[in-house]
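The values are calculated or read from the model by the stated rules, or taken from the named source; none is laboratory data. Bear in mind that the values here come from a model prediction, so they are computed numbers and not experimental data. When we count neighbours, we look across all protein chains shown, and the Cβ atoms used for this are built from the backbone with ideal geometry, even at glycine. Calculation scope for accessible area: heavy atoms of the full protein, side chains included, ligands and nucleic acids excluded. Shrake-Rupley method; radii C 1.70, N 1.55, O 1.52, S 1.80 Å.
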Amino acid sequence: MGPLARLARHADVTAVVYGLAILFWGFVTWHTLQWRISQALFGVIVLGFALTVYCLETIAEAFEEGEQRRLGLLTLSLAIGIVTTGYIVLNFQELQTVRVGYSTTIDYVIAAAFIASIIYLTYDAYGLGFASMIVAVIIYSQFGSLFPGWLSHAGLSYERGLEVGMLGIQGVYGDLTQVMGTMVAPFLLLAGLIRLFGGFGLIIRLSFWVSQYVKSGIAQMAVISSMLIGSINGSALANTSITGSFTIPVLKSTGIKKQQAAAIESVASTGGQIMPPVMGVAAFLMADILARPLIDIFIAAAVPALIFYLTIVISVYQIDRQSDVDVSVDRQNLVERVPELGKWIDTDGQNRSTVYTVLEVTQFVLPLVVLFYYLAYVQTTVMRAGMYASGVMVLTGCVFTVFDNYYADDSSLQASGRDAIEKLADGMYDGLHTLAPLTIVVAAIGLLVDTLFTTGLPATLSFALIDLSGGIMAILLILTMILCIILGMGMPTSASYLVVALLVAPNLIQFGIPELSAHFFVLYFAILAAITPPIAPAIVIASAIAESNFWKSCLEAIKISMPVFALPFAFVYNPSLVTDSPSLNTLWAAIFVVIGVFVLSYGLNSTRPFPVLTRINRRVALVGSQVFFTVVGILIIAVPK
């Protein structure tokens, strides 16, 4: 067995990645405290780490599955990534100060190889669709003179394309990649630590406790847990997989139809991406694009996010009223019905002391308090606030783990300490494991966006959309909605938001719509692409877990989430809903929107027709009442207040 084969063994790769995780987070901590290198160079190193980790893990996967072609391409990409990162780091100052606007032959060769590897890794991680889009943009940039009408442009030379794509420390190394290192990475570390120190288990138990005191409580458990876990996890697909593995069986076990269970989970998981503090990484990218403090984005996102989940709660309540749901389910019986809950709900420890519960909650609350203290009061950098919060999470997590093992479970002090260290290492690994593919796809988007802006297409597209709408805002918003959903299909939140924020949102701003309203408009529709047919990846996962028909699940998801599709229009016509300075106008608009949500949800999910119309025909009466309430609900949500 050769060295590559030995390295490709899963255990060996995992050990190497764990070592890289410790090295990487040590480097990030050093940079946070010392700030000895430029942000651009820091972004180069972060992308190098991300590419290395992703390649190592996928090489192990390809080796185990016997995919020789993929194994070869991944190995080549790994070698190119390591060589390129080393070359750029060693020649960084010269590239930034001396070789500006021109490069050597070796520069061009390395740049072309690295860009090709980024495109391939994007294809490997996220499929053919997004990689094809990048290739199409590159072809368009090189041969712009061959395109007709307003698409035509002079075309970039081969050398100019490589300068824009990489050598000018833009494109794959541009601002977006740098944001991943300085703003996103610390929060993914914090999320990984929270998850591995038991935060998700606490959320599930909290959700179960709340569900016992709420009407349709067992069904609402899926909504609450998906909201809280999704706000940390920040990925619709990952959230659907994690929480869906137990919430969907819970919903089915209580009498809810399997397609409805899949729909509830997929919609609730999607909403986690607009709930602070992580927001699927979109909040950090939005803060950078708009040059606003991150805390302002959190504040602006809070009211819409709460309305989003209230929408789901109302819809689930409507579904619950029509279902033969068994609400008399205690903790022990629930675990017996759904074994997947066993690792989250500890039935033996349900009578733990109040002190224990307070300590368990405090270990996760303290890091969040530190985070918001440094963001809102001290107003330090996002990177520093995130790393300080992560440092507190390490301290509280390790202390509580030792306490839990030593005092609650009677483990030895040595074993308790070892368990704490293992959880710490797992959390660091989880953070880097999540960061790696996201950084690669964001680097690819940086390449796509910088190349497109060099061609002048975004400005041309802006004028074309406004011209097509005839200057009518409602038509422009509908066209923008369709474009955002199309661009967001099958893509992670960070990728889809970046594309629409940089290419589509400026159209709305140019039309006179406030920046925050415009960006939240495109963000919501880019996110809703995850539950929009025909691709709807979140529903694909949820329907597979529920063993339900995909199209029936899509229909139920649309019925549940239809009020959310109307909500972004309210952002435009009522900008006070998405503001960093909430006022009485915000409250007033929110109340009307909630009323509209209730009316719309009732119209879509109710099976009770107008009594007066039932004398004609019950089916006609039902359809008529649903259409009436749906139209009224949309009008209440969208019209200016």
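Brief remarks follow.
- I119 being open to solvent by 10 Å² or more (accessible area, probe 1.4 Å) and more than 30 Å from F284 (Cα to Cα): no
- Where helices (runs of 4 or more DSSP H) sit wholly within region 485-564, those with at least 1 residues that are more than 19 Å from A282 (Cβ to Cβ) occupy 505-510, 537-546.
- Residues of region 577-589 that are of a type in the set (G, A, S) and within 18 Å of I634 (Cα to Cα): A589 alone.
- Just one residue in the set F130, F143 is closer than 23 Å to F114 by Cβ and surrounded by 15 or more Cβ atoms within 10 Å (Cβ to Cβ); that residue is F130.
- Per the conditions (1) under 22 Å from V578 (Cα atoms); (2) open to solvent by less than 30 Å² (accessible area, probe 1.4 Å), the sole criterion not satisfied by A530 is (1).
- Output for region 502-527, where each listed residue is crowded, with 21+ Cβ neighbours inside 10 Å and either within 15 Å of the chain's Cα centre (by Cα) or at positive phi (or both): F520, V522, L523, Y524, F525, A526, I527
- First in region 73-100 and over 30 Å from F63 (Cβ atoms), second anywhere and among the aliphatic types (A, V, I, L, M) and in a helix (DSSP H, G or I), Cβ under 6 Å, 6 or more apart: F92/L41
- For G431, the test of being open to solvent by less than 20 Å² (accessible area, probe 1.4 Å) and either closer than 18 Å to Y18 by Cβ or in contact (Cβ under 8 Å) with a residue 12 or more places away in the chain (or both) is passed.
- Residue match in region 279-298 (condition: modelled with pLDDT under 65 and out of contact with any Phe, Trp or Tyr (no Cβ under 6 Å at 6 or more places or on another chain)): yes
- Per the conditions (1) over 25 Å from S235 (Cβ atoms); (2) part of a helix (DSSP H, G or I), the sole criterion not satisfied by T380 is (2).
- Check on L156, hydrophobic (A, V, I, L, M, F, W, C), in contact (Cβ under 8 Å) with a residue 12 or more places away in the chain and surrounded by 16 or more Cβ atoms within 10 Å (Cβ to Cβ): yes
The rows are residues; the columns are (1) closer than 23 Å to S576 by Cβ; (2) at pLDDT 85 or above.
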position: P437; (1), (2): no, yes
position: V442; (1), (2): no, yes
position: G456; (1), (2): no, no
position: G488; (1), (2): no, no
position: A501; (1), (2): yes, yes
position: G512; (1), (2): yes, yes
position: F525; (1), (2): yes, yes
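- Qualifying positions in region 464-475 - free of Cβ contacts under 8 Å to residues at least 24 places away in the same chain and part of a helix (DSSP H, G or I): D467, L468, S469, A474, I475
- Of all residues making up region 434-467, the number that are exposed (fewer than 15 other Cβ atoms within 10 Å of the Cβ) and among the acidic types (D, E): 1
- Considering residues of region 47-105 that are open to solvent by 60 Å² or more (accessible area, probe 1.4 Å) and not in a helix (DSSP H, G or I) only, the residue farthest from G161 (Cα to Cα): E67
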